[in-house]
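Input: a single structure, listed below in structure tokens.
The values are calculated or read from the model by the stated rules, or taken from the named source; none is laboratory data. Remember, predicted model here, so these are calculated numbers, not experimental data. Cβ: placed from backbone, ideal geometry, glycine included. Neighbour counts: every protein chain shown. To get the accessible areas, we keep the full protein, side chains included, count just its heavy atoms, and leave off ligands, DNA and RNA. Shrake-Rupley method; radii C 1.70, N 1.55, O 1.52, S 1.80 Å.
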Amino acid sequence: MDPKDRPSRATEAFFGRRRGKTMRPQQAAALESGFGTYRLDLTAEPPADLSTLFEADISAIRLEIGFGGGEHLLHRATEAPAVGFIGVEPFVNGMAKMMMAVREKPLANLRVYDDDATRLLDWLPPASLDGIDLLYPDPWPKKKHWKRRFVSPVNLERFARVLKPGSKFRFASDIDTYVNWTLLHCRAHGAFAWQASEAADWHRPYDGWPGTRYEAKAIREGRRPAYLTFVRK
């Protein structure tokens, strides 16, 4: 994307925490060494063929935005070695946890980015992704903060640009207002078709779903998760 064509970033900054507890020395070491292998460099031009970003022989590429502790991303990347996975997580402690895991079990089909996901979306070539997962994003429950939610007209436009026709955008949340917000915004955008044939569909986890700690917390606290799937038209 030409810099002059990029949407204004004035209200699109990353709003979450960058850091939590002080990292242990081994976590810091894993983070530093892992970045040398896995971190994407957005100062370089993106390759026309994104599969060249990976050491493995890749047939499809998926993006997970805000992977948290990495449970879902690690599960998917391990079970599908021919799929390239790009994971975004600005929270340094979550990224350190991921880098600790891949230090023990390296993944040739993984790349990561540790800053605002919109920067990565603007960097990617058009129609370059086979799927995007946005799982349990920060719901920003106060109405005055709803503008901070990642699902927005401008970000859906970014999704539409980088997703291939027929690919999927998957969204999971335990917050009803955010689920409804996402349904309304995707319907209004027009590039996404919600895949649900019956009422139970949106409460049924995705095939092969490993669960996440956020989901477990929601269930413990009595909230019912929703799993939405939209197809790029």
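When you filter the GluC sites (Glu not before Pro) in the stretch 146-233 for DSSP loop state and at most 11 other Cβ atoms inside 10 Å of their Cβ, you are left with GLU198, GLU221.
Backbone phi angles across the stretch 163-177, fed through the Karplus curve with coefficients 6.51, -1.76 and 1.60 (θ = phi - 60°), yield HN-Hα couplings of 7, 6, x, x, 7, 10, 10, 10, 10, 10, 7, 10, 9, 4, 5 Hz in residue order; Gly and Pro are listed as x. Calculate, in nm to one decimal, what TRP194 and LYS147 gain on full extension: separation in residues at 0.36 nm each, minus their alpha carbon distance. Stretched fully, the TRP194-LYS147 segment lengthens by 14.7 nm.
Give me the log10 of I(q) over I(0) for the stretch 128-233 at q = 0.10, 0.20, 0.23, 0.24 Å⁻¹, as the Debye formula computes it from C-alpha points; what are the numbers? For the stretch 128-233, the Cα-only Debye profile gives -0.27, -1.10, -1.39, -1.46. By the Stokes-Einstein formula, at 0.692 mPa s and 37 °C, the stretch 117-167 with its Kirkwood radius over alpha-carbon pairs has D equal to 274 µm²/s. Computed about its Cα centre, the charge dipole of the chain is approximately 1000 debye, with only Lys, Arg, Asp and Glu carrying charge at their Cβ. Using the alpha-carbon positions of the chain, Rg (one decimal) and Dmax (whole number) come out as 17.1, 50 Å.
The phi torsions of the stretch 200-209, fed into the Karplus equation with coefficients 6.51, -1.76 and 1.60 and a -60° offset, translate into couplings of 6, 4, 7, 10, 9, x, 5, 4, x, 5 Hz, rounded to whole numbers, with Gly and Pro shown as x. With all protein chains kept in place, the per residue accessible area of the chain amounts to 51 square angstrom at a probe of 1.4 angstrom. Net charge in the neighbourhood of PRO165 (other residues with Cβ under 13 Å of its Cβ; Lys, Arg +1, Asp, Glu -1) is +4. For the chain, averaging the sequence separation of C-alpha pairs within contact (under 8 Å, six or more residues apart) and dividing by the residue count gives a relative contact order of 20 percent. Pairs over the 29 Å Cα-Cα cut-off, from the set LYS97/LYS233; LYS142/LYS217; LYS97/LYS164; LYS144/LYS233; LYS97/LYS144: LYS97/LYS233; LYS97/LYS164; LYS144/LYS233; LYS97/LYS144. With contacts taken as Cα pairs under 8 Å at a separation of at least 6 residues, the stretch 57-156 carries a relative contact order of 32 percent.
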